[in-house]
Ligand SMILES: NC(=O)c1ccc[n+]([C@@H]2O[C@H](COP(=O)([O-])OP(=O)(O)OC[C@H]3O[C@@H](n4cnc5c(N)ncnc54)[C@H](OP(=O)(O)O)[C@@H]3O)[C@@H](O)[C@H]2O)c1
C-alpha cells in the first residue's frame, strides 16, 4: 500500500496519470468535481498542474497560517467534517458533482473505508518498491472490486486499475444491481469492461 518515498513517486506511469485526470476532472455538464487533498500533497504538485485542474480543490490543513494561495477554485479547510459541511451548503451544494479524496497518506488513512466513502479507485502496481508513505488496505468486508482493467505495462512496470465499490450488505442482492453503482464515474463503465467481477460473489 505504499504511495511514495522521500517525497517522490518511484514510478512513472503516464496512462495512470491520464486515467486519474479523466476520473477526477470529468463531471456532469454545468457542474464540477471536488478534489480534496492534504497540504503536503498540495505542496508536492508542481505549480503549473495546481492551476489547470478545473475542479474545486480543497487543501486540508490544521494551520491557519499555511502558505496555500487560495482563490475561487482553491480553498483550505481545517478538517474532513468541516469540508463536507461546507460542500453541502450553498453555493457549493448546487455546483458540485463528485467528491474525490486523492491523498496523501495521512488523509487517506483517515477517510478510506470510512462511512462517507462510496468507492476506492485503486491503481495496483505489480512491483516490489520500497516506500515510506502508506495508505490503508481496502476493507474487503465493506468493499468489493467492481472490475479490473487488463494489466498495462509502462516503463517496465505492470499495473492495473481496480475500482472497489462499497457493498453495504452482501446478503441484500438489490444493492448489487448495476444501477445502484450509478454514482461511479462514467469512464469506469466505458473503459473497464475487460474484467467485470461478480460483486455478489462471496469470493470477492
Ligand atoms: N502515489 C499516489 O497515488 C499519491 C497520491 C497522493 C499523494 N501522494 C504523495 O503523498 C505524500 C504526502 O502524503 P502525507 O501522508 O505525507 O501528507 P498528506 O496527507 O498529503 O498531508 C498531510 C497534511 O495534511 C493536513 N492534515 C492531515 N490530516 C488532517 C485533518 N484531519 N484535518 C486537517 N488537516 C489535516 C496537515 O497539514 P498541516 O501540516 O498544514 O496542518 C498534514 O500535515 C506526497 O509526497 C504526495 O506526493 C502520493
**Message:** I'm told residue 26 meets every condition in (1) within 28 Å of residue 153 (Cβ to Cβ); (2) within 15 Å of the ligand (Cβ to nearest atom); (3) at pLDDT below 95 except one. Can you identify the failing condition by its number?
**Reply:** (2)
**Request:** Please tell me if residue 90 is part of a loop (DSSP other than H, G, I, E, B) and either near the ligand (Cβ under 9 Å from one of its atoms) or closer than 23 Å to residue 17 by Cα (or both).
**Result:** no
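For (1) over 20 Å from residue 117 (Cα atoms); (2) modelled with pLDDT of 95 or more, each residue gets a yes or a no:
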| position | (1), (2) |
| --- | --- |
| 7 | yes, no |
| 17 | yes, no |
| 37 | no, yes |
| 55 | no, no |
| 86 | no, yes |
| 89 | no, yes |
| 101 | no, yes |
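Conditions (1) part of a loop (DSSP other than H, G, I, E, B); (2) modelled with pLDDT of 70 or more; (3) away from the ligand (no atom under 16 Å from the Cβ); (4) in contact with a helix residue (DSSP H, G or I) (Cβ under 9 Å, 6 or more places away or on another chain), marked per residue:
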{"residue": "125", "(1), (2), (3), (4)": "no, yes, no, yes"}
{"residue": "140", "(1), (2), (3), (4)": "yes, yes, yes, no"}
{"residue": "165", "(1), (2), (3), (4)": "no, yes, yes, yes"}
{"residue": "175", "(1), (2), (3), (4)": "no, no, yes, no"}
{"residue": "179", "(1), (2), (3), (4)": "no, no, yes, no"}
{"residue": "200", "(1), (2), (3), (4)": "yes, no, yes, yes"}
**Asked** Taking the stretch 112-123, which residues are within 13 Å of the ligand (Cβ to nearest atom), in contact (Cβ under 8 Å) with a residue 60 or more places away in the chain and over 9 Å from residue 160 (Cβ atoms)?
**Response** 121
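The values are calculated or read from the model by the stated rules, or taken from the named source; none is laboratory data. Keep in mind it's a predicted model, so treat the numbers as computed, not measured. Quick reminder, even Gly has a Cβ in these numbers, built from the backbone with ideal geometry, and neighbours come from all protein chains shown.
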